[in-house]
1. Would you give the gap between the C-alpha center of the stretch 58-74 and the C-alpha center of the stretch 101-137, rounded to a whole Å?
2. Of all GluC sites (Glu not before Pro) in the stretch 67-127, which ones are in loop regions per DSSP and have a Cβ with at most 15 other Cβ atoms within 10 Å?
3. Within the stretch 16-83, list the trypsin sites (Lys or Arg not before Pro) lying in a DSSP loop whose Cβ has at most 14 other Cβ atoms in a 10 Å radius.
4. For the stretch 87-155, rounded, prolate or oblate, judged on the Cα gyration tensor with a ≥ b ≥ c (square roots of eigenvalues), a/c < 1.5 rounded, else prolate if a/b > b/c?
5. Near G27, within a Cβ-to-Cβ distance under 12 Å, what is the net charge of the other residues, with Lys and Arg +1 and Asp and Glu -1?
6. At a threshold of 8 angstrom on Cα-Cα distance, excluding pairs fewer than six apart, so keeping six or more, what relative contact order does the stretch 1-131 reach in percent?
Amino acid sequence: MGTNMPFDGVSGAVLLARAHDALVSEGVNVLRCSGVWRSDAWPAGTEQPDYFNAVLEADVGARDPRALYEVLRAIEQRFGRERRERWGARTLDLDIVAIGDLHGAFDGIVLPHPRMADRAFVLAPLAELEPDWRHPELGRTTAELLADAPPGGGCRRISDFPGHGVGKGCPFRACGGASHCEIPRGALVYVPDPSN
């Protein structure tokens with residue numbers, strides 16, 4: 001999940017917390033939350049405010065990828081999301097990063113997210129929750145992908161998720177687990193394997 005524009009008088013981590021609550025109200029069982037990460041707007045060089053990002057691990061019940069996608073789009077719209085341009089500023093961006101080891105296209109939804117491996121702002125919060133998750137097509141763990149993410153972008157952990165401490169610190173080993181670290185740069189919803 002990500003945001004770089006205010007909505008209804010709130011922004012940043014507080015807006016992400018409200019999006020969390022909206023997911024729960026739609027029957028998405030949030031199991032764990034990463035910390036909140038701040039990064040430069042994507043792609044580099046855009047004249048936008050910084051993004052605030054987090055990854056939530058969720059049990060989505062019997063929803064298939066398309067049904068989950070529709071829930072995420074409806075929540076984005078409730079939060080004022082307008083899709084005018086690719087990579088434009090947004091009040092809320094909710095993406096399915098992965099569902100266990102599923103890979104391929106599922107009714108138009110490509111899993112894992114096709115650009116996740118290049119984006120530290122996805123990999124860093126995902127690695128807080130699942131550093132050993134293995135990308136089913138690339139065969140590499142989240143931690144390995146994060147270590148090789150392209151440099152730049154100023155991705156840094158700024159806080160625990162409001163009301164949901166993760167207690168693990170930063171996954172990027174070079175910082176020694178500091179809570180406010182800088183990492184090389186590269187929703188977001190991670191769904192564990194539903195068969196487990």
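Laboratory data are not the source of any read-out in this text; all were calculated from the coordinates shown. Quick caveat: nothing in here was measured; it's all calculated off a predicted structure. Because the Cβ atoms are built from the backbone with ideal geometry, glycine has one as well, and the counts that use them run over all protein chains shown.
1. Centre-to-centre distance over Cα atoms comes out at 16 Å.
2. Passing sites in the stretch 67-127 are E82, E85.
3. Here the trypsin sites (Lys or Arg not before Pro) that fit, given the DSSP loop and packing criteria, are R83.
4. Taking the square roots of the gyration eigenvalues as a ≥ b ≥ c, the stretch 87-155 is oblate.
5. It works out to a net charge of -1.
6. 29
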